[in-house]
Amino acid sequence: MIRDLFPREDLAGLARKRRRSNQFKTVKPEDLADYEQKGWAISKKNKKSIRMSRPKPKAIYLEDRVFSIGWDSRTCQGNEEPFSV
């Protein structure tokens, strides 16, 4: 039996996240200094939190690009019908 299969809607969100070249994280204002020391930069200040971003490490970025290319070829650039050769 095949396991670890997810609905298409869940995978579409994952594909969107993996296409981005940056990582994002929402933190509390009191944790701001710790994250800035770790290389995170402020992306957006919210009322009670701060959104931080940083470039993805090269290994993760490569893995995500390969996933995205595979995702795009299977879905024919986001069309509803799967692509097959």
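The values are calculated or read from the model by the stated rules, or taken from the named source; none is laboratory data. These numbers were taken from a predicted model, which means no experiment stands behind them. So basically every Cβ, Gly included, is an ideal-geometry build from the backbone, and we count neighbours across all protein chains shown.
Mind checking which pairs have a first residue in segment 7-23 that is under 21 Å from G39 (Cβ atoms) and a second that is at pLDDT 75 or above and acidic (D, E), Cβ under 9 Å, 6 or more apart or different chains?
Listed by first residue and then by second, the contacts come to K17/D64; R18/E63; R18/D64; R20/D64; S21/D64.
Yes/no per residue for (1) modelled with pLDDT of 65 or more; (2) within 14 Å of the chain's Cα centre (by Cα):
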site	(1), (2)
I50	yes, no
K56	yes, yes
S68	yes, yes
W71	yes, yes
G78	no, no
P82	no, no
V85	no, no
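Would you tally the residues in segment 49-62 being in contact (Cβ under 8 Å) with a residue 24 or more places away in the chain and either surrounded by 14 or more Cβ atoms within 10 Å (Cβ to Cβ) or part of a loop (DSSP other than H, G, I, E, B) (or both)?
Of the residues in that region, 7 qualify.
Give the residue that is nearest to the chain's Cα centre (by Cα), with candidates limited to residues of segment 37-48 that are part of a strand (DSSP E or B) and closer than 16 Å to N22 by Cα. Let's see the steps before the verdict.
Just the residues of segment 37-48 that are part of a strand (DSSP E or B), to begin with: 41-45.
Subset that is closer than 16 Å to N22 by Cα: 41-44.
Values: A41: 17, I42: 17, S43: 15, K44: 17 Å.
The qualifying residue nearest to the chain's Cα centre (by Cα) is S43.
Cβ-Cβ below 7 Å, separation at least six or inter-chain, first residue in segment 25-40 and surrounded by 14 or more Cβ atoms within 10 Å (Cβ to Cβ), second assigned to a helix (DSSP H, G or I): which pairs?
Filtered contacts from segment 25-40: V27/Y35.
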